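The values are calculated or read from the model by the stated rules, or taken from the named source; none is laboratory data. Bear in mind that the values here come from a model prediction, so they are computed numbers and not experimental data. A quick note on method: Cβ atoms are made from the backbone with ideal geometry, for glycine too, and the neighbour counts reach across all protein chains shown. Remember, those area values only see protein heavy atoms, side chains included, never the ligands or the DNA or RNA. Shrake-Rupley method; radii C 1.70, N 1.55, O 1.52, S 1.80 Å.
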Amino acid sequence: MMRFPPSLSPGSPTPLGAHWDGMGVNFAVFSAHAQQMDVCIFDPRDRREIVRFRLPEYTDEVWHGYLPDAEPGLLYGLRAFGPYDPANGHRFNPHKLLIDPYARCLSGALVPSDTQFGYRLHSPRADLSFDRRDSGPTMPRCVVVNDAYEWGDDSRPCIPWDETVIMEAHVRGLTRRRAMAGQWQPGTIQALGAPEMIDHLRRTGITTLELMPLQYFMPERSLLENGLTNYWGYNTLAFFVPHDGYLVNGSAHELRTAIRRLHRAGIEVVMDVVYNHTCEGSEQGPTLCYRGLDNASYYHLVPGNERHLINDTGCGNTLNLSHPRVLQMVLDSLRYWAESFHVDGFRFDLAPVLGREPYGFDQGAGFFDAIVQDPVLSDRKLIAEPWDPGPGGYQLGNFPPGFAEWNDRFRDTTRRFWRGDPMQQGDMAARIAGSGDLLDRRGRRPWSSINLVTAHDGFTLEDTVSYAERHNGANRENGQDGHAENYSANWGVEGPTDDPAILELRGRVQRAMMATLLLSHGTPMLLAGDEFGQTQNGNNNAYCQDNATSWLDWNRARSPTGEAMTTFVSRLSALRVVHPSLRSARYMHGRHRPLPDIPDISWFSHDGNLMGVDQWNDGAFHFLGVRRAVNITDGIFDITYTLLNAGGEDITARLPTPAGKWTLLLDTTRPEAPERTLADDAQDIVVPAHGVLLLSVMPDASAIEGHTP
């Protein structure tokens, strides 16, 4: 056993956290209001505390000290001394063992307990009371680590944004029920690198895997008491630690190895990160880390009533990114994942919180300014969820250049258009064109719109065409959780059915929505499982369902219907690659002319004429034709024509100019049909009900005469 000195030497206030330098470990902990900070060292065999040191120095609001001869594997925790004065926002309680905010690894389970609260639960004085019980036996230990890893020839794929196709997935749900040969452990990070998973992603045309929260999180106590858990993971405890429930052997190297395997296959990895709140909840929540170290600095408090926390997140607290040390922690965490794990990008949960200054949301907020100038982070894919429950919380289109944004307008419009709602054609056209009405400013590009029809939060694609109402009884919240309005339809029967006509219609609508997603300008994002018909049985808020409700059913993928849908999605992805007019890197407004009489984008009615005011304003009109054209090189053009018929009857549509040889690339109502070239004199084509056609044309010489590139 290591022999400990009587006290720590001063050490350094930087870097924050516990860092091994080859000769010992330096501890540095920020707290603007603590009066003393102790480090508790634990025996690695039985996890009992064996020695406690006071951090001897305090520099620039950082407590620090150095333990010579300590090595990686050392177990430790923190105890902070200071005023317990909730009325003024201070909640120090040295009886509570605290997690180091910069810990890189945690050992042992966090066991929910009354002792983790800084006050006496059930006391008539509530959180104004004080609890003297030691929480140490119920808390995980922080672990000093050596992050050295042999990356070999790993390099980030750096997929251009206009070629990016995202799949959103949950680590456990994606792989839990997937059969894999060899030693791969289903339901873990390790399984992401299995050949079966990589082959499926590549076949489907996925370039970028967006993983739901990987940072160490904890379930809410109320869920555990109901036999449920926080499956999604939007409840972070430690911002530098991979979640232990996704690891086979507890080593962060499992994530590094999985990312290395994905990179070798040309697939990027984007992390969904939660820097808007922590798992400590409201002022009545437990004291696990930030609350005990410096509640008044880490959280936004209600001005004039500092006992209470501002709850702009709907989760009980809001991280105070206006504080430079809190902002530093978030940026240090992001750089750690980017540099130590080679992560390719980040999706920011409830992102308006990150840009909310005391006066409101500001796209020039400190967080945004810091991240877009950072040489490491600005080079990653940055994706914002542009809404939160706080004041002024809907900010779609208002994030600064460099950020892409989840586009719920695309989701809702696509669902409503294919459901047959009136007056959707104008909004559908704007969404297909990359939502320039929302995002085309300050030099932003169409990729700034993350187009989605489904995501983890809501119905799957299969459920969108199978349920008119949510069915969330399993969540034990009286079925009232989740979005009440889903713009869905069951097409005749609520839920499963054996009726072949209904099943055929549902399949048509699913394929039409998937085609709309992948044939629109912007960055398409698929929800894992939609490519083969995953269902959650009508649950549109399965955040607490760590079971077959949320785990992908790979038997469906192997069914004839699932296999056909996967093949269809693969075909759409391939068409998007081959035809640059379907994934333009720049907004098209109809002002640029790749050919003398052919604008870059034009909208047509079924009669072959440009859409007029009458068609745009006709509530019973459910047809759109969009022709897009780009000049690839001198004399080589890509011209595609997409026809969408959301009505219940087939429509005969006139083909627009240019003259030339037309090829039918795709008919979503006959997805197995191969491409076919139309007759030279073809002028009309039948667009089936609830269907999408995609055509391309090779213009003849007369069409390009006089063209100057």
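Out of the trypsin sites (Lys or Arg not before Pro) in the stretch 386-450, which ones are loop residues according to DSSP with at most 14 other C-beta atoms within 10 Å? The partial results should precede the final answer.
Details: sites: Arg409, Arg411, Arg415, Arg416, Arg419, Arg431, Arg441, Arg442, Arg444; in loops: Arg441, Arg442, Arg444.
Those satisfying the criteria are Arg441, Arg442.
Provide the per residue accessible area, probe 1.4 Å, for the stretch 535-665, rounded to a whole number of square angstrom. Before the final figure, lay out the partial values.
Values: 5380 Å² over 131 residues.
On a per-residue basis, 41 Å².
Under a plain spin-label model, where a point goes 7 Å from the Cα along Cα-to-Cβ, how far apart in nm are His95 and Phe4?
Placing both labels 7 Å along Cα→Cβ, they lie 2.2 nm apart.
If you take the beta carbon distance between Arg654 and Ala148 as r and set R0 to 60 Å, what does 1/(1 + (r/R0)^6) give as a FRET efficiency, to the nearest 0.05? Before the final figure, lay out each step's value.
On the way: r = 66 Å, r/R0 = 1.10.
E between Arg654 and Ala148, to the nearest 0.05, is 0.35.
Need the full-extension length gain, Asp421 to Arg156, defined as separation in residues times 0.36 nm minus the C-alpha distance. One decimal, nm.
On the way: separation 265, 0.36 × 265 = 95.40 nm, distance 4.31 nm.
Length gained between Asp421 and Arg156: 91.1 nm.
Can you order the peptides 485-492, 381-388 by their average number of other Cβ atoms within 10 Å per residue, highest first? It would help to have the intermediate numbers written out before the result.
Working: 485-492: 17.2, 381-388: 23.4.
Sorting 485-492, 381-388 by mean packing, highest first, produces 381-388, 485-492.
Nearest 10 degrees is fine. How inclined is helix 560-578 to the longest principal axis of the chain, computing both from alpha carbons?
With both axes taken from Cα atoms, the answer is about 80 degrees.
Let me check the size of the stretch 1-106 from its C-alpha atoms; what are the radius of gyration and Dmax in Å?
Answer for the stretch 1-106, Rg first and Dmax second: 13.6, 45 Å.
Using 19 Å as the cut-off for backbone N distance, which residues of the stretch 221-253 belong to the label zone defined by a point 7 Å from the Cα of Gln183 along Cα→Cβ?
246-253
Between Gln480 and Ala265, with labels modelled 7 Å along Cα→Cβ, what's the label distance in nm to one decimal, could you check?
Here the answer is 4.4 nm between the modelled labels.
So what's the stretch 372-453 giving for Rg/Rh, alpha carbon basis, Kirkwood Rh from the mean inverse pair distance? Show your work: numbers first, answer last.
Values: Rg = 14.0 Å, Rh = 13.7 Å.
Using only Cα positions, Rg/Rh for the stretch 372-453 is 1.03.
The list [x] 125, 71, 48; [y] 102, 80, 41; [z] 94, 57, 54 gives values of Cα extents along the principal axes in Å, and only one came from this structure; which label was calculated from it?
From the options [x] 125, 71, 48; [y] 102, 80, 41; [z] 94, 57, 54, the structure gives [z].
With a 1.4 Å probe and all protein chains left in place, how much accessible area per residue does the stretch 143-278 have, in Å²?
Values: 4580 Å² over 136 residues.
That works out to 34 Å² per residue.
Give the shape of the stretch 79-172 as rounded, prolate or oblate, defined through the alpha-carbon gyration tensor: a ≥ b ≥ c are the square roots of its eigenvalues, a/c under 1.5 means rounded, and otherwise the shape is prolate if a/b is larger than b/c and oblate if not. Don't jump to the answer; show the numbers that get you there.
On the way: a/c = 2.90, a/b = 2.20, b/c = 1.32.
In terms of gyration-tensor shape, prolate.
Which whole-number value in Å² is the accessible area per residue of the stretch 470-512, probe 1.4 Å? Please list the in-between numbers first.
Details: 2310 Å² over 43 residues.
Spelled out: the 1.4 Å probe surface of the stretch 470-512, per residue, equals 54 Å².
So who's got an amide H within less than 5 Å of the one on Thr236, skipping anything under 5 residues away but keeping other chains? H placed 1.01 Å off N, in plane.
For Thr236, the qualifying residues are Cys279.
With labels modelled as points extended 7 Å from the Cα through the Cβ direction, what inter-label distance (nm, one decimal) is found for Asp684 paired with Arg558?
Computed distance between label sites Asp684 and Arg558 equals 4.8 nm.
With the radius of gyration and the Kirkwood radius both derived from the Cα set of the stretch 440-485, what is their ratio Rg to Rh?
A ratio of 1.19.
Under 1.5 on a/c is rounded, so check that first for the stretch 587-694, then, if it is not, pick prolate when a/b is larger than b/c and oblate when it is not; a ≥ b ≥ c are the square roots of the alpha carbon gyration tensor eigenvalues. Don't skip to the answer; put the middle values down first.
Working: a/c = 1.90, a/b = 1.18, b/c = 1.61.
Oblate.
Could you work out how far helix 195-204 tilts from the main Cα principal axis of the chain, as a 0 to 90 degree angle to the nearest 10?
40
For every helix of n ≥ 4 consecutive DSSP H residues, a contribution of -39,500 (n - 2.57) applies; sum these over the chain, divide by its total residues, and give [θ] at 222 nm rounded to the nearest 500 deg cm²/dmol.
On the way: 16 runs with 145 residues, N = 709.
Helices in the chain give a 222 nm mean residue ellipticity of -6000 deg cm²/dmol.
Sticking to Cα atoms, compute the Rg of the stretch 415-520 to one decimal and its Dmax as the biggest Cα-Cα distance, whole number, in Å.
Considering the stretch 415-520 through its Cα atoms, Rg and Dmax are 15.9, 52 Å.
Angle check, please: helix 408-419 long axis (alpha carbons) against the longest principal axis of the chain (alpha carbons), in degrees 0 to 90, nearest 10.
40
DSSP loop trypsin sites (Lys or Arg not before Pro) in the stretch 193-243 with at most 16 other Cβ atoms within 10 Å of their Cβ, which ones? Intermediate results must be reported in sequence, preceding the final value.
On the way: sites: Arg202, Arg203, Arg221; in loops: none.
Filter output for the stretch 193-243: empty list.
For the stretch 482-492, what does the Karplus curve 6.51 cos²θ - 1.76 cosθ + 1.60, with θ = phi - 60°, yield as ³J(HN,Hα) per residue in whole Hz, taken in order and with x for Gly and Pro?
Here the 3J(HN,Hα) series is x, 5, 6, 10, 10, 6, 10, 8, 9, 6, x Hz.
Report, to the nearest whole %, how much of the accessible area of the chain belongs to carbon and sulfur atoms, 1.4 Å probe, protein only. Present the calculation step by step, with values, prior to reporting the outcome.
Working: 13080 of 26410 Å².
Carbon with sulfur: 50 percent of the solvent-accessible area.
Residue-wise, which Karplus ³J(HN,Hα) couplings in Hz belong to the stretch 13-23, taking 6.51 cos²θ - 1.76 cosθ + 1.60, θ = phi - 60°, and x for glycine or proline?
x, 9, x, 5, x, 10, 10, 8, 10, x, 10
Label the stretch 296-388 by shape, choosing from rounded, prolate and oblate, from the square roots a ≥ b ≥ c of the eigenvalues of the Cα gyration tensor; if a/c is under 1.5 it is rounded, and otherwise prolate applies when a/b is larger than b/c, oblate when it is not. Intermediate results must be reported in sequence, preceding the final value.
Values: a/c = 2.04, a/b = 1.86, b/c = 1.10.
Since a/c reaches 1.5 and a/b is larger than b/c, the shape of the stretch 296-388 is classed as prolate.
How much length is gained if the chain between Asn305 and Asp46 is pulled fully straight, taking 0.36 nm per residue apart and subtracting their Cα-Cα distance, in nm to one decimal?
Working: separation 259, 0.36 × 259 = 93.24 nm, distance 4.31 nm.
So the extension gain works out to 88.9 nm.
For Cα pairs less than 8 Å apart in space and 6+ apart in sequence, what is the mean separation divided by the residue count of the stretch 1-73, i.e. the relative contact order in percent?
Numbers: 143 pairs, mean separation 29.9, N = 73.
For the stretch 1-73, the relative contact order is 41 percent.
Step through the residues of the stretch 110-125 one at a time and calculate ³J(HN,Hα) from phi using the Karplus curve (6.51 cos²θ - 1.76 cosθ + 1.60, θ = phi - 60°), rounding each to whole Hz and writing x for Gly and Pro.
8, 9, x, 8, 4, 5, 7, 8, x, 10, 7, 4, 6, 6, x, 8
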